[in-house]
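J.: My questions all concern the structure below.
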Amino acid sequence: MTATPDSPTPDSDDILTTAAAWVAQGEQVAIATVTETWGSSPRPAGSQLAVTRSGRMAGSVSGGCIEGAVAEIAMKTIETGMPQLMDFGITDERAWEVGLACGGKLKVFVEKLS
């Protein structure tokens, strides 16, 4: 499946379908969505990650340590019900230190599904 303007990532529909199924099964779920990127980013704007209170995950917003941080934020969002807009970034200099080709920034919006 290829990305189109109506489908920003190849798997976004699958992630939302999976999240809806988890909600139907009684799970509490949060959805994280990449809203903006600057510079290098492993996932484009529109990429999504679904996280359940029980720890199930589907999709991806970045990878590495950012993915873990977003999952933790999703758990807090499930608890509080308060949506969050988070900024993540790494400088080009720091990127080399951790084995990345270059730095970049992204914004991720996290919200609880009802």
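J.: List every residue whose amide H lies under 5 Å from the amide H of G104, counting only residues 5 or more places away in sequence or on a different chain, with H placed 1.01 Å from N in the peptide plane.
T.: S40, I90
J.: Over 5 Å intervals from 0, what percent of Cα-Cα pairs in the stretch 12-112 sits in each interval?
T.: Final binned percentages: 3, 14, 25, 23, 16, 10, 6, 3, 1, 0.
No lab work stands behind these numbers, since they all come straight from the coordinates. Remember, predicted model here, so these are calculated numbers, not experimental data.
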